[in-house]
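Peer 1: Below are the structure tokens for one structure; questions will follow.
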Amino acid sequence: MRAGVLSDDGVIEFLNDKFINVWVSNVELERTPRKKAYMAVRRKDLPNAFDRSHPFAKPIMEGWTEHSPVDCLVISPEFDVMGKLQLNDFFDDCYRSGISDEEGYLTFLNDSLDAKFPGFGENTSDPMLTGANIVLDREHHEAEVLHILRAPRHGEQDYNVITIDATTYKNGGTLNIDIRMGSAISGGSFDLFDSDTELPTEGIPTGAVASVWDIPSGQSGTIQYQFDKGMVFKLGATGTWFSGKGNINAFHANISIEEH
């Protein structure tokens, strides 16, 4: 990159004019099991290493491509991934298309700014605030979710929805959700709904079966709910009403079920 597209004055001028340019090491983000084991030791000596619970880490980890040593990501101010480019394939694609690397890279950047979501293939409706889906059963009764939430206006709800499939627990159980907020500005509020409930967009979520509200930045909270038969839940995660509209934070949720 440095000897190619990033040595072009036009590309550099465009990047400096339209973007805030940063880079993050794959080692710091523990991209592979080997890097995760390495960082577990390294963090003891480097307490200021990159915080994987920071909201900026989430779109990076969701945007990268498996087995790719270098990815170029365009991330919006709201931390949505607008475009992703796997550099191992980029140069071959430019050659096959008969265009220069500089032209191909500028096209990628412009398509990202125009919300065409380059790199997503046919799935062009995937900004990163799209929740997650987990399935729990007797063999895999616990899961971890690292995601982000955004603060709405006061009195409104802006849920990032985590779907929890517990249908294999025919006789029910106890759903435990341990939540830890990241270190950014927004606090978090979490509401648990059954799958048939339409999630509200404003007001107090009276249809929730369990909730924990106003977890401050850097703090933890817990939801515990007993259910009598297998079912699907929706966990709505949103910023608190007092966090300032648009502010974002990450959250880590450990979700488990104890069978009755």
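Peer 1: Enumerate the lysines that Lys44 could reach by cross-link, defined here as Cα to Cα under 22 Å, with residues fewer than 8 away along the same chain left out.
Peer 2: Counting by Cα, and skipping residues close in sequence, Lys44 has these lysines nearby: Lys35, Lys36.
Peer 1: Helix 87-97 sits at what angle to the longest principal axis of the chain, using alpha carbons and giving 0 to 90 degrees rounded to 10?
Peer 2: 50 degrees
Peer 1: In a Gaussian network model over the chain where Cα atoms closer than 10 Å are linked, find which of His141, His154, His67 has the largest mean-square fluctuation.
Peer 2: His67
Peer 1: Residues of segment 164-201 with backbone nitrogen within less than 11 Å of a virtual label 7 Å along the Cα-to-Cβ line of Lys229, please, listed as ranges.
Peer 2: 170-172
Peer 1: To the nearest whole percent, what portion of all C-alpha pairs in segment 5-113 is separated by more than 20 angstrom?
Peer 2: Numbers: 2803 of 5886 pairs.
Looking at segment 5-113, the distances longer than 20 Å represent 48 percent of pairs.
Peer 1: Based only on the alpha carbon positions, what is the Kirkwood hydrodynamic radius of segment 70-109, in angstrom?
Peer 2: Details: mean 1/r = 0.0927 Å⁻¹.
With all distinct Cα pairs of segment 70-109 included, I get 10.8 Å.
Peer 1: If exposed means no more than 12 neighbouring beta carbons inside 10 Å and the site is in a DSSP loop, what's the longest run of the chain without any exposed chymotrypsin sites (Phe, Trp or Tyr not before Pro)?
Peer 2: Details: sites that count: Trp23, Phe242.
The longest uninterrupted stretch comes out as 24-241.
Peer 1: So what's the angle, to the nearest 10 degrees on a 0 to 90 scale, between helix 33-45 and the longest Cα principal axis of the chain?
Peer 2: 80 degrees
Peer 1: Considering the convex hull of the alpha carbon atoms of the chain, report its projected area averaged over all viewing directions, in nm², one decimal. The partial results should precede the final answer.
Peer 2: Values: hull surface 65.1 nm².
Mean projected area of the Cα convex hull: 16.3 nm².
Peer 1: Follow-up question, since we're still on this one. Using 5 Å bins from zero, what percent of all Cα-Cα pairs in segment 112-257 falls into each bin?
Peer 2: Spelled out bin by bin, segment 112-257 gives 2, 10, 19, 20, 19, 14, 10, 5, 1, 0 percent.
Peer 1: Arrange Glu142, Glu66, Glu30, Glu103 by Cβ neighbour counts within 10 Å, fewest through most, would you? Spell out each step's value before the answer.
Peer 2: On the way: Glu142 11, Glu66 7, Glu30 20, Glu103 16.
Exposure proxy ranking, most exposed first: Glu66, Glu142, Glu103, Glu30.
Read-outs: derived from the displayed coordinates by stated rules, not from any lab. Quick caveat, the model's predicted, so the values are computed rather than measured. Don't worry about glycine lacking a Cβ; one is built from the backbone with ideal geometry, like all the others, and counts go over all protein chains shown.
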